[in-house]
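Report on the following structure.
The values are calculated or read from the model by the stated rules, or taken from the named source; none is laboratory data. Quick caveat, the model's predicted, so the values are computed rather than measured. Here Cβ is always computed from backbone atoms with ideal geometry, including for glycine, and neighbour counts include all displayed protein chains.
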């Protein structure tokens, strides 16, 4: 059974509403970040544009301006891409592919994979910063 809660931004007082479920662990917060969801409530988009985080969550009001992901998501993206494609490149070299053939074949996939991993990596980094109260995020009770 739902119980009435205090009015949140955008919710009229007196309406029945539920408190968003907070993550139980850092891993759950990271999973929300990977899915481009707010690490606290998981109900709204963390980044409305490709790599631009929202200033605050429209669901729970979490201030996201303290985040400082900087270059770390790009490093994560490059490391994962390199580890996934290294066996492919080695197998291609063992099969006798020329360096030009390997570059033409692997580079588009590498670029797509790195771009595809960039936003989830940034979301996870922001979630870890929030969970650990880093860079101005405040610890919650």
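Looking across the stretch 86-135 at every residue that is outside any helix (DSSP H, G or I) and out of contact with any helix residue (DSSP H, G or I) (no Cβ under 9 Å at 6 or more places or on another chain), the one that is surrounded by the most Cβ atoms within 10 Å (Cβ to Cβ) is identified as 133. Looking across the stretch 45-60, the residues that are closer than 15 Å to residue 127 by Cα and surrounded by fewer than 16 Cβ atoms within 10 Å (Cβ to Cβ) come down to 51, 52, 55, 56.
Taken over the stretch 92-133, the residue count meeting the criterion of being without any contact (Cβ under 8 Å) to a residue 60 or more places away in the chain and closer than 14 Å to residue 68 by Cβ is 1.
If you scan the stretch 27-40, which residues turn out to be assigned to a loop (DSSP other than H, G, I, E, B) and either buried (at least 20 other Cβ atoms within 10 Å of the Cβ) or touching a strand residue (DSSP E or B) at 6+ places or on another chain (Cβ under 7 Å) (or both)? Matches in the stretch 27-40: 36, 38, 39, 40.
Would you mind stating whether residue 40 is under 17 Å from residue 115 (Cβ atoms) and at pLDDT below 95? So residue 40 does not fit the description; no. Within the span defined as the stretch 51-62, one or more residues are in contact with a strand residue (DSSP E or B) (Cβ under 9 Å, 6 or more places away or on another chain), touching a residue at least 60 places away in the same chain (Cβ under 8 Å) and either in a helix (DSSP H, G or I) or on the phi < 0 side of the Ramachandran plot (or both).
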